[in-house]
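The values are calculated or read from the model by the stated rules, or taken from the named source; none is laboratory data. A quick note: this is a predicted structure, and the numbers were derived from the prediction, not measured. So basically every Cβ, Gly included, is an ideal-geometry build from the backbone, and we count neighbours across all protein chains shown.
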Amino acid sequence: MEISRHARNNMRLYKISESDIIETIEYSDVSDREGNKSIAIKKFPGRFSEYPLKVVYESAEEDIYVITTYPLKKKHWR
């Protein structure tokens, strides 16, 4: 798994671990695709101020490239 500089900065800012990203991608509550990008959203009770974690990534065969990750601060999410 490769993580972009933008995603690493967000990981530091929001205290997101690499294992949080992996768990969100593998066991997402909601997942969607927009073009060649995949979106995974997962709630982590008691973390991220109760907001779900959103991970935007691209996958090619077995490689995953994480573009961005952040707590989704919308009231309603898909």
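Select, from Tyr57, Tyr51, the only residue that is modelled with pLDDT of 95 or more, surrounded by 15 or more Cβ atoms within 10 Å (Cβ to Cβ) and of a type in the set (Phe, Trp, Tyr). Lay out the reasoning, then the answer.
Numbers: Tyr51 fails: modelled with pLDDT of 95 or more.
The match here is Tyr57.
This table checks each residue for (1) of a type in the set (Lys, Arg); (2) within 10 Å of the chain's Cα centre (by Cα).
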site: Ile22; (1), (2): no, yes
site: Asp32; (1), (2): no, no
site: Gly35; (1), (2): no, no
site: Lys43; (1), (2): yes, no
site: Ser49; (1), (2): no, no
site: Pro52; (1), (2): no, yes
site: Ala60; (1), (2): no, no
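Can you name the residue in region 21-68 that is out of contact with any Phe, Trp or Tyr (no Cβ under 8 Å at 6 or more places or on another chain) and among the polar types (S, T, N, Q) and, of all such residues, is nearest to Arg5 (Cα to Cα)?
By that ranking, first place goes to Thr68.
Is it fair to say Ile67 is β-branched (Val, Ile, Thr) and either at pLDDT below 95 or in a helix (DSSP H, G or I) (or both)? Give the steps one after another, and end with the answer.
Working: β-branched (Val, Ile, Thr): yes; either at pLDDT below 95 or in a helix (DSSP H, G or I) (or both): no.
So Ile67 does not fit the description; no.
Of Ile21, Ile16, Ile25, which residue is out of contact with any Leu (no Cβ under 9 Å at 6 or more places or on another chain) and either without any contact (Cβ under 8 Å) to a residue 12 or more places away in the chain or not in a strand (DSSP E or B) (or both)? Give the steps one after another, and end with the answer.
Details: Ile21 fails: out of contact with any Leu (no Cβ under 9 Å at 6 or more places or on another chain); Ile16 fails: out of contact with any Leu (no Cβ under 9 Å at 6 or more places or on another chain).
Testing whether each residue is out of contact with any Leu (no Cβ under 9 Å at 6 or more places or on another chain) and either without any contact (Cβ under 8 Å) to a residue 12 or more places away in the chain or not in a strand (DSSP E or B) (or both) leaves just Ile25.
When you scan region 28-62, how many residues do you find that are on the phi > 0 side of the Ramachandran plot and assigned to a loop (DSSP other than H, G, I, E, B)?
Filtering region 28-62 for residues on the phi > 0 side of the Ramachandran plot gives 35, 46, 48-50, 61.
Adding the requirement that they be assigned to a loop (DSSP other than H, G, I, E, B) leaves 35, 46, 61.
Total meeting the criteria: 3.
Please determine, by comparing only the residues of region 1-13 that are part of a helix (DSSP H, G or I) and not polar (S, T, N, Q), which one is farthest from Glu62 (Cα to Cα). Outline the logic, then answer.
Initial filter on region 1-13 (part of a helix (DSSP H, G or I)): 5-13.
Filter once more, so that each one left must be not polar (S, T, N, Q): 5-8, 11-13.
On the way: Arg5: 21, His6: 22, Ala7: 19, Arg8: 21, Met11: 23, Arg12: 26, Leu13: 28 Å.
Here the answer is Leu13.
Filter region 21-30 down to the residues that are farther than 16 Å from Tyr65 by Cα and not charged (D, E, K, R), then identify the one that is surrounded by the most Cβ atoms within 10 Å (Cβ to Cβ).
Ser28
If I ask for residues that are under 15 Å from Leu13 (Cα atoms) and touching a Pro at 6+ places or on another chain (Cβ under 8 Å), which ones from region 52-78 would you list? If you could, list the steps in order and put the result at the bottom.
Looking only at region 52-78, we keep the residues that are under 15 Å from Leu13 (Cα atoms), and these are 53-55, 68-73.
Result: Leu53, Lys54, Pro71, Leu72.
I'm trying to understand the selection: among the residues of region 1-20, which are surrounded by 16 or more Cβ atoms within 10 Å (Cβ to Cβ) and charged (D, E, K, R)?
Scanning region 1-20 gives a single hit, Asp20.
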